[in-house]
């Protein structure tokens, strides 16, 4: 992984609109206004979650 | 906060009810306030035996063929209120007495010897004489002698009820006397009891404090009994909704005309009282219905199985009256003068089981 | 008008967004239903299909999102999903589902109560999915549930109202709105729930997998409306304590000669 990769960078790479996705880094929820500041490190576990259809 | 809605429309409709409406109302489920109004109507009086039958079925289903037995224990007849209808009114010159804790225990043990396990401590409303400290002391002294001790005293604050609950009191009875504010103001002439609102909120405070059972009621003979029945039903439904863990009872103290005493504003005869009981039983299958010794033995025996679930027996309504047979300073005169043994025998002979013990003090420690 | 947590709804039909054949069909069905609140679930983003996003199909200015915690097997998982839901949707609304048994998908009463209490304290508007248990309904209300959602019948069974007696008790005792959810397979089931006095119903599968979901959505809309109208017009209540005797016959008539006047 590149050094200094932010969450926003990652989402862009994955073709995901940052506003539609919730991100958890190492089980901690990241606030959407922090996506640009949040820097990813080696070994980080990232969960990307969004709303889907459901009952 | 419980507030009584305007009942006039409901009452009007009920006055126009016919026999078919009554039969329909009987078949309605519990909790139907329109049905209650119809069951309290003049039309329903013509179907009294059918109402009795339905009330009897429901009572048997919910309570079995049992009748709880209790005795009132008057601790004090001091009272600050001037209620036009009551023997204890502040301006009445009667012999006033408040039992010491020792005397209370002594009276109570007499009752225990006679077979009572459930007693109701009664006082007039005079906190300076018989306040929460005193009641707590008495409760603590009595708790290990009885299965259940309840109180019918001045309205208290929630934290005070909580104190008494911890001291062993399981139930609180507090009657609004009348839900008709105009009539209420007419008969409550002085003292804290003049506060209609504070009194009507009292059952809720007792329930909120954790009391297992709360009793409500009206004094029949003040306002129109059909309206009182409707108000009782509404109050009961509201209390159940907001205090689902609490049990409830309704009592039916009835003013009887007596020379020189307060003249009731309306006459409520036995037929009316029975209709009120049947109607409330159909409206609320689970409420305890209490018939005290104000009523005659003949009437009480006849009503067994038709709604009432709890009877007092051998009652004396003056403080210290169980040890001293003179009945000076009574609250009301007794209709059914039989002893507990006689009452239990009458109950048993009619195929019901008189229950003297229905709880245990151990459950509340 | 239905009010839940100070929010009013003109429609008493809530709709789930799952199981539709396409986002477009889902959107049209929801519009046809005239529903103002829909449930959504939370799942890991499908990295193979990054553009697949339900949020774009629905206008959040017109429709309230009710995220659910489907998949949660205990209170802890449900609370985590709730936090994610709040972050994802910027909303305090939550349909709490705690379903440890993947076969029956029945709600766990103990962890549902636990999670409700915790999430209410955290400021969520909690609508707990529950079995038809009157005492549990009271306990959930006591800890602050904004509504209760007793099931009609277990998810997938389409049996409609399977426990009428206890649902009636819940409705009678409720101090908050009652939303019947799950197992409503036909519009008549929804009508039945509304006639009983339910405040709203939630329907998903019956609409999503119908031959014509848009038409079915309209049918449910009409069914909920009809049921509510009937209830407000004053249906004859059925007796929960009905005994074998009908009012006209078979009532025992005790001798009341003992009454003197």
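The values are calculated or read from the model by the stated rules, or taken from the named source; none is laboratory data. In this text the structure is predicted, and so the values were computed from the model without any measurement. Cβ atoms come from the backbone with ideal geometry, glycine included; neighbour counts cover every protein chain shown.
Filter the range C:160-211 down to the residues that are within 14 Å of chain A (Cβ to nearest Cβ) and in a helix (DSSP H, G or I) and list them by number.
C:205, C:206, C:207, C:208, listed by residue number.
Residues in the range B:10-20: is at least one buried (at least 21 other Cβ atoms within 10 Å of the Cβ), more than 14 Å from every other protein chain (Cβ to nearest Cβ) and assigned to a helix (DSSP H, G or I)?
Within the range B:10-20, one or more residues are buried (at least 21 other Cβ atoms within 10 Å of the Cβ), more than 14 Å from every other protein chain (Cβ to nearest Cβ) and assigned to a helix (DSSP H, G or I).
Filter the range C:31-45 for residues that are within 27 Å of residue C:214 (Cα to Cα) and over 16 Å from the mean Cα position of the chain (by Cα) and give the result.
Those that are within 27 Å of residue C:214 (Cα to Cα) and over 16 Å from the mean Cα position of the chain (by Cα): C:31, C:32, C:34, C:42, C:43.
So residue B:3 fits all but one of (1) assigned to a helix (DSSP H, G or I); (2) surrounded by fewer than 19 Cβ atoms within 10 Å (Cβ to Cβ); (3) more than 14 Å from chain C (Cβ to nearest Cβ); what number is the exception?
Condition (1) is where residue B:3 drops out.
Kindly indicate whether any position in the range B:136-143 is assigned to a strand (DSSP E or B) and in contact (Cβ under 8 Å) with a residue 12 or more places away in the chain.
No; the residues of the range B:136-143 include none that is assigned to a strand (DSSP E or B) and in contact (Cβ under 8 Å) with a residue 12 or more places away in the chain.
Are any of the residues in the range C:215-226 in contact with a helix residue (DSSP H, G or I) (Cβ under 6 Å, 6 or more places away or on another chain), part of a helix (DSSP H, G or I) and more than 23 Å from residue C:8 (Cα to Cα)?
yes
Tell me, which residue of the range C:102-116 that is in contact with a strand residue (DSSP E or B) (Cβ under 7 Å, 6 or more places away or on another chain) and in contact (Cβ under 8 Å) with a residue 40 or more places away in the chain is farthest from the other protein chains (Cβ to nearest Cβ)?
If we take residues in the range C:102-116 being in contact with a strand residue (DSSP E or B) (Cβ under 7 Å, 6 or more places away or on another chain) and in contact (Cβ under 8 Å) with a residue 40 or more places away in the chain, then C:115 is farthest from the other protein chains (Cβ to nearest Cβ).
For the range B:318-365, enumerate the residues that are on the phi > 0 side of the Ramachandran plot and at pLDDT 75 or above.
Result: B:320, B:351.
Go through the range C:120-159 residue by residue and tally those that are closer than 18 Å to residue C:109 by Cβ, assigned to a loop (DSSP other than H, G, I, E, B) and in contact with a helix residue (DSSP H, G or I) (Cβ under 7 Å, 6 or more places away or on another chain).
Going through the range C:120-159 one residue at a time, the tally reaches 7.
Within the group A:36, A:24, which residue is more than 14 Å from chain C (Cβ to nearest Cβ), in contact with a helix residue (DSSP H, G or I) (Cβ under 9 Å, 6 or more places away or on another chain) and at negative phi?
A:36
Looking at (1) closer than 18 Å to residue B:352 by Cβ; (2) out of contact with any helix residue (DSSP H, G or I) (no Cβ under 6 Å at 6 or more places or on another chain), which is the one condition that is false for residue B:74?
All conditions are met except number (1).
Select from the range A:43-55 the residues that are at pLDDT 85 or above and part of a loop (DSSP other than H, G, I, E, B) and write down the one among them that is surrounded by the most Cβ atoms within 10 Å (Cβ to Cβ).
Across the range A:43-55, the extreme among qualifying residues is A:54.
For the range C:78-86, indicate whether the set of residues that are assigned to a loop (DSSP other than H, G, I, E, B) and either more than 8 Å from every other protein chain (Cβ to nearest Cβ) or closer than 24 Å to residue C:30 by Cα (or both) is non-empty.
No: the range C:78-86 contains no residue that is assigned to a loop (DSSP other than H, G, I, E, B) and either more than 8 Å from every other protein chain (Cβ to nearest Cβ) or closer than 24 Å to residue C:30 by Cα (or both).
Of all residues in the range C:82-101, which are closer than 22 Å to residue C:154 by Cα and touching a residue at least 12 places away in the same chain (Cβ under 8 Å)?
C:94, C:95, C:96, C:97, C:98, C:99, C:100
Residues of the range C:39-57 being out of contact with any strand residue (DSSP E or B) (no Cβ under 7 Å at 6 or more places or on another chain) and within 10 Å of chain A (Cβ to nearest Cβ), which ones?
Within the range C:39-57, C:46, C:47, C:49, C:50, C:51, C:52, C:56, C:57 qualify.
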